[in-house]
Structures are given as C-alpha cells and as structure tokens.
Amino acid sequence: MIGSATGLTLRTPEGRPYRFDPGALCLELLTTGGPGLLARYEVLETPAGLHDWVAASRLDPGLPLEVAYGDLAAVRELRDALHLLATARAHAAPLDAAAVGLLNAAAAAPPLAVRMTPAGRREWAPGATVAGLLSTVARDAVDLFTGPYAHRIRECGAHDCYLLFVDTSRPGRRRWCAMERCGNRQKVRTHRARTEARTAPAADA
C-alpha cells in the first residue's frame, strides 16, 4: 500500500529545508544514513527514528508497526545493501553479490498486508512487523533494479551530494536531487564563473 510520490523534506547542512523525491520507496530509505561517510546522517539508531521515516515515506499513513531496538540492525543492513546496488546501477557497475543475496532474502519474507474495512476502505492489517516492512522495501527495490527504469537511477550531479534517485521524467535528463538545492547551487556557481570571466583583466600577449 504505497501512496503517491510527494517526496521527503530534507535539510541542508545549514538547516534549510528542501523537498527531495527519489522516485521509489526503496530509495527513500537511503536518506536515513548509510555506510562510510554517510554514517554521519544516521537516524536509525532508535525505534523512533524508524517510525519517523515510515511516517515521512510514501507508505500510506497509519502503519501499526512495532519496532524493537533489536530490529534496527536488519533495517540498516538492508539499507546499506540498497546503497551498494543503487550506486552500482547509477554508474553501470557490477552488482555486489552479497548485497543481492541480502536483498533477495528480505524480499522472500511476507510483505506488509492490507485489508478492507466494512466501510469499503483500505487499511493496514494489524500485526505489521519490521520483517514485513523490509520485505515491502526489498520487493520495491527488485522491481526498480530489474524494471524499465533500472538504467534511470542517478546520483546527484553535485560534487558534494550523494543522494540517489530514479529519473522518471519524460526526457530522462534529471541531474539534481532537487533544483531548489543542488540545481540552484550550480546556477549560482555558473553565474559567478561567468561574471568573473567577464571582469577578469586580459592576459598579457
């Protein structure tokens, strides 16, 4: 039960909010931290951090998810595997076999379940588990990495931004995580470079 793509609210290092839509549920999980340098953005250290991500994600609201501290290691493990696979897809590199195995193992578990109410509405079934959440995310990743947009997975074009997204635009020319962040920063840099080039003194012959 995945809702409409509205994007996540992220913050720049200076604290300014901006909207980022990675285009897929599995790529939304990558905004919670990751391996290496991405560890400084880690938010999945407590159950509250995972609950906050679920509420902000494109999953329909109201998921009755029970989370224990012992569940968080598996979430981080899948997320880090997704980082490896998405980055490989973005750079047309070979896929890490261990990461593929971890993804497939998560996808093999029963996913989150929905049901219909007596009023004819959809809702999450009770008893949702972290394993079900991971299966839902993993199946979304399998669909993305093996589907028609697998070659459209991109890494933001800014030299200091590593956000990953799937380019679902019609022309397939999306370069930035968000125009209001990295796109605008590039415009400012380009404008500054042009201004400096026009005002620089001519070199001696």
Helices (runs of 4 or more DSSP H) completely within the range 1-104 that count 1 or more residues being at negative phi and either open to solvent by 60 Å² or more (accessible area, probe 1.4 Å) or of a type in the set (Phe, Trp, Tyr) (or both): 47-56, 72-90
Residue identified as out of contact with any helix residue (DSSP H, G or I) (no Cβ under 8 Å at 6 or more places or on another chain), under 17 Å from Leu27 (Cα atoms) and among the hydroxyl-bearing types (Ser, Thr, Tyr) among Thr117, Thr87, Thr136: Thr87
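I'd like to know if the range 125-139 contains one or more residues that are at pLDDT below 65, more than 15 Å from the chain's Cα centre (by Cα), more than 20 Å from Leu10 (Cβ to Cβ) and surrounded by 10 or more Cβ atoms within 10 Å (Cβ to Cβ). Before you say what the answer is, go through the steps one by one.
So the first thing to find is which residues in the range 125-139 are at pLDDT below 65, and the list is none.
No.
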Conditions (1) of a type in the set (Phe, Trp, Tyr); (2) open to solvent by 20 Å² or more (accessible area, probe 1.4 Å); (3) in contact (Cβ under 8 Å) with a residue 24 or more places away in the chain: number failed by Phe145: (2)
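Could you list all residues from the range 162-174 that are surrounded by 15 or more Cβ atoms within 10 Å (Cβ to Cβ) and part of a loop (DSSP other than H, G, I, E, B)?
Tyr162, Leu163, Asp167, Arg174
The values are calculated or read from the model by the stated rules, or taken from the named source; none is laboratory data. Quick caveat, the model's predicted, so the values are computed rather than measured. All Cβ positions, glycine included, derive from the backbone under ideal geometry; neighbour counts span all protein chains shown. In case anyone asks, the SASA skips ligands and DNA or RNA and just uses the protein heavy atoms, side chains included. Shrake-Rupley method; radii C 1.70, N 1.55, O 1.52, S 1.80 Å.
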